[in-house]
Amino acid sequence: MITQIVALKNLQRRPVRTWCMVFFVFMLAASLFMSSVLVDSMEASLEKTVNRIGADVIVVPKEYESSMADSLFMGELCNFSFDSKWVEDIKNVDGIEAISPQLYMQTMSASCCDSAVQLIAFDPETDFIVSSWLEDDGIKMPGRGEFIVGSSITPGDSGTMKFFNVEYKVIGQLEKTGTSYDSCVFMNYDTAQDMMNGETWVKFFGETPDVRQMVSSLMIRAEEDMPITTIAGAINFKLPDGSPVSAYTTNGIMSDAMASVESMGSYTRILMGLISVLVVAALLCIFTITINERTKEFGILASLGADSSKLSGIVLTEGFMIGLAGGLIGTAVSVAVIMIFGGTIVNVMELPQLNSDIAYMLMLGLRCTGLALVVSVAASLYSAWKVSRNNLDALIKGEEM
Amino acid sequence: MLRTKQLTKSFSRQEKTFEAVDHVDFSLDKGEFCILTGPSGCGKSTFFHLVCGITKADSGEIFFNGEDITNYSEKQLTELRANKVSYILQGDSLLSNFTVLENICLPHKLCGRYEGLEEKAMELLREFGLDTMAYDYPSNLSGGERRRVAIARAFVHGPELVVADEPTSDLDEENTAMIMDYFQRQAAEGKTIIISTHDLSCIRPDMIHYVMKKGVITRA
């Protein structure tokens, strides 16, 4: 305990040096924490999205697969579609257990709409995706003129939402999933048709299409034990040359996003490694310089009977305390930033979500503080070794170690 | 109590070897107060470092309480300094990050000694007229006050031998007298004390006076 008291007093009485060293460790812990939250959030969101989709194969218009991925992963608004006649060619492919169309529409940032959101129309008769979410969350299937909204959507006080100058009743809100679906509005095809028949829609888009003839994505679930790549391949083989659609496995459609997240994770790990090395080097320099200035102090202690293990223990304890302070402050500040500015970070960095789960942040905080401790103690090891190895005569004379 | 036999320590300077301590035979009994004078660079500090186990001798022997400590291990020498031999360094030897009371107690606590330490330290501070400064930092103390704190630290754990390297250098007459009085009282109570100084006015009739010149110690 006395070693800790001596180390603590040494740090307290040299505040500038101490805070400089704590700052380096703080930077390491904070950057590790923030970058881990970003990468983990992206990876978790991607995984959740793939799991949430619930389809094995997705058919979308050719060259729109990246728009589809961006919409699924990043929540970007989209409104592409293809003619529903292609559904007939696809649904007879062997190995398909269920098939259901979805139609994507986007509302506008204008007075006619409450907000610009992604609308997803589905067919309750064939749907196997949205209906399963509704069942899990205990929400009834939406009827004509009714909406189900994601967890991030806030309906008006009257429980309605206005799109294209028409009020729609919100009959349920889905649980938070941490995916882009949290910011989507779901309806059936009849509601979508009514919306397109409305005056404001016609005024904006000049026509009233038949929603039954439009499909944005055809969601397909494979029969059990049926390889999904085989089904995607069979669909593409069956479609005639020049068809405007193409089938992708769910993982395939998300592959670019997966690769981006993976490379982001790799870059982050390399960056963290470099920052760790830099922090070790900076702390090593400060420790070495200050220990050289403190040789007489150690000489005095040794002349009074303190053994070398006690002297090196003081240096290591100082390193430990600096690491602990830097790690804890870095973690605390990062948590505060995420809690306070999480929404802003998501918007500015265009992230699908930011993981602010307390248990996750606690574990990550422990990891970051642990690394900060390791780095700081490692940086003090050399000085501790020098102090313990130096001869007492040189220490008393204040000679450079 | 302390005896050296043909104790020798040499150093190299500008490719020349010289004996800082040259075949020194020296002895001091329990309760004796010895003063070692000599010009700067004559080897006084080196001799003190040798008898305190801070520096290893090239040849010769050192006996403490009849036991040969010449070839003691580092651990044994550390224990000797922690318990039996106290060394007061030349110049300012207080730890600037610690209060007066901490300066006296913490080094000994580091050696595992706690019992009655703070009470004894306060007693010594009162004796030196420094009790009101117990919680001050060394930067608030004068040179004489700091020297007295260093002496209190050397005596607080009751060592058998106290070795002080120029404890009165740069001090005025009043502070010098106060310190010499304290040493004399301690010697009278059975402590063995050896100090070095340039100030011949420190010498008192009941002290044993040795002179050191070019590494050789002779009785004055």
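The values are calculated or read from the model by the stated rules, or taken from the named source; none is laboratory data. Being a predicted model, the structure only gives us computed values, none of them experimental. In this analysis, Cβ positions are derived from the backbone assuming ideal geometry, glycine residues included, and neighbour counts consider all displayed protein chains. Surface accessibility is based on the protein's heavy atoms, side chains included, excluding ligands, DNA and RNA. Shrake-Rupley method; radii C 1.70, N 1.55, O 1.52, S 1.80 Å.
Structural remarks
- Flag for B:E127 being closer than 23 Å to A:I2 by Cβ and open to solvent by 10 Å² or more (accessible area, probe 1.4 Å): no
- Within the range A:198-229, the set of residues being closer than 14 Å to A:F122 by Cα and assigned to a strand (DSSP E or B) comprises A:M214, A:V215, A:S217, A:L218, A:M219, A:I220.
- Matching residues in the range A:62-94 - criterion: being under 26 Å from A:E223 (Cβ atoms), open to solvent by less than 70 Å² (accessible area, probe 1.4 Å), in contact with a helix residue (DSSP H, G or I) (Cβ under 9 Å, 6 or more places away or on another chain) and modelled with pLDDT of 85 or more: A:S84, A:I90, A:V93
- Those residues of the range A:159-172 which are surrounded by 19 or more Cβ atoms within 10 Å (Cβ to Cβ) and not β-branched (V, I, T), in sequence order: A:M161, A:F163, A:F164, A:Y168
- All positions within the range A:138-158 that are open to solvent by 40 Å² or more (accessible area, probe 1.4 Å) and under 19 Å from A:S100 (Cβ atoms): A:K140, A:M141, A:R144
- The criterion of at least 3 residues that are touching a helix residue (DSSP H, G or I) at 6+ places or on another chain (Cβ under 6 Å) is met by the following strands (runs of 3 or more DSSP E) wholly inside the range B:97-214: B:161-165.
- Which listed residue, of A:V387, A:V377, A:V335, is in contact with a Phe, Trp or Tyr (Cβ under 6 Å, 6 or more places away or on another chain), among the aliphatic types (A, V, I, L, M) and at pLDDT 90 or above: A:V377
- Answer from B:F48, B:F11 - the residue that is buried (at least 21 other Cβ atoms within 10 Å of the Cβ), among the aromatic types (F, W, Y) and within 14 Å of another protein chain (Cβ to nearest Cβ): B:F48
- Qualifying residues in the range B:103-123 (those that are more than 7 Å from every other protein chain (Cβ to nearest Cβ) and within 23 Å of B:S142 (Cα to Cα)) - the one most open to solvent (accessible area, probe 1.4 Å): B:E123
- Residues within the range A:230-247 that are assigned to a strand (DSSP E or B) and surrounded by fewer than 21 Cβ atoms within 10 Å (Cβ to Cβ), tallied: 1
- Given (1) surrounded by 18 or more Cβ atoms within 10 Å (Cβ to Cβ); (2) out of contact with any strand residue (DSSP E or B) (no Cβ under 9 Å at 6 or more places or on another chain), index of the condition B:I54 fails: (2)
- Boolean, B:S139 is of a type in the set (S, T, N, Q) and either away from every other protein chain (no Cβ under 13 Å) or closer than 22 Å to A:D307 by Cβ (or both): no
- Restricting the range A:342-390 to residues that are within 14 Å of another protein chain (Cβ to nearest Cβ) and surrounded by 16 or more Cβ atoms within 10 Å (Cβ to Cβ), the residue that is farthest from A:A44 (Cα to Cα): A:N390
- Residue match in the range B:75-87 (condition: within 13 Å of chain A (Cβ to nearest Cβ), farther than 25 Å from B:K44 by Cα and open to solvent by 20 Å² or more (accessible area, probe 1.4 Å)): no
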